[in-house]
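Trainee: Here you go, one structure.
Nothing in this text is a laboratory measurement; each read-out follows from the coordinates by a stated rule. These numbers come from a predicted model, not from an experiment. Please note: Cβ atoms are built from the backbone with ideal geometry, for glycine as well, and neighbour counts cover all protein chains shown.
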Amino acid sequence: MGQSLNDMLNQLKSTAPAVTEDFGTFDTRKRHSDVIREGQDTSWLEDAGNWLGDVWQNNITQVPEEESGISNTGSPEAMQGALAHVPNDSKPYAIKQALKNFFPDATAGGHSFDVFQDENSGKFVYTDPNTMKPTWIEPPGIEWGDWGDDSAVMALETVGSGTGGGLGLYFGGPPGMYAGAATGSGIATGGYTYSELQDLLEQGYLDPEIYGTPAHPNESALRGESGKQAAISAGG
């Protein structure tokens with residue numbers, strides 16, 4: 001007897017090649033405007049102006065799409081929130097996990113996300129499976145969501161700084177106040193960072209080769225990253 005249609009379909013499925021996830025190489029690339037700028041003969045004054053303009057756009061306003069060739073729409077807000085406090089050493093790993101979580105069908109279908117890092121801002125870019133356009137994962141500049149992401153850290157730094165400064169003033173006068181404020185801010189930030197890292201580890205956004213797993217965390221790496229952020233906060 002011949003094979004039934006269902007048998008034939010099942011056979012085709014079993015022999016079909018597995019789809020490979022394609023996230024890209026995470027290489028560093030120049031913007032269109034930077035490539036054009038490099039080919040121009042400019043004075044040091046123009047170079048300085050361009051540099052200041054880049055700093056302003058990267059940190060305050062957004063980069064015009066016609067200059068970058070990258071959409072300012074950004075990834076889904078929930079995805080940006082999930083990646084907001086991922087340390088740099090886990091960014092590539094976390095981005096892959098986030099793309100799997102927020103675009104499961106595209107990932108399973110072998111969509112080429114072509115993730116790369118913008119050389120000018122250090123921000124990451126992916127090809128959105130819905131628009132097929134290069135899109136910032138988190139656009140440069142300040143967005144309203146950034147205030148929400150950082151408000152808890154700022155509040156803890158303020159409370160820690162005020163508490164430490166008050167105790168330092170009581171026990172050591174003005175010099176003690178400044179030292180206490182810095183120490184209090186650092187301790188508060190370090191504690192918050194450690195808690196955040198634990199949450200990220202549970203959610204699967206930290207590189208297990210660095211930070212371990214929820215069942216077997218690498219406490220040395222977790223405390224090391226927390227201490228680094230505390231030192232940055234204490235330093236001002």
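Trainee: Roughly what would the spin-label model give for residue 52 and residue 198, points 7 Å off Cα along C-beta, in nm?
Mentor: For residue 52 paired with residue 198, the spin-label model returns 4.7 nm.
Trainee: Which distance in nm do the two modelled labels at residue 61 and residue 35 give, with both placed 7 Å along the Cα-to-Cβ direction?
Mentor: Reported label-point gap for residue 61 and residue 35 is 2.5 nm.
Trainee: So, in nm, how far is label residue 215 from label residue 27 when the simple model puts each one 7 Å beyond its Cα toward the Cβ?
Mentor: With each label placed 7 Å out from Cα toward Cβ, I get 3.8 nm.
Trainee: Just going by the charge dipole of the range 23-136, with Lys and Arg at +1 and Asp and Glu at -1 on Cβ, which of 48, 85, 71 is farthest out on the positive end?
Mentor: Among 48, 85, 71, the one farthest towards the positive end of the dipole of the range 23-136 is 85.
Trainee: Could you list which residues have their amide H under 5 Å from that of residue 31, counting only those 5 or more apart in sequence or on another chain, with H placed in the peptide plane?
Mentor: Placed amide hydrogens put 119, 120 under 5 Å from residue 31.
Trainee: Which residues among the range 99-123 fall inside the zone where the amide N is under 17 Å from a point 7 Å beyond the Cα of residue 42, along Cα→Cβ?
Mentor: 119-122
Trainee: To continue, here is another question. With N denoting the number of residues in the range 23-136, provide Rg(C-alpha) divided by 2.2 N^0.38 Å, to two decimal places.
Mentor: In units of the 2.2 N^0.38 Å rule of thumb, it is 1.16.
Trainee: Under a 5 Å amide H to amide H cut-off, with H placed in plane at 1.01 Å, what residues pair with residue 62 once short-range neighbours are removed?
Mentor: Correct list: empty.
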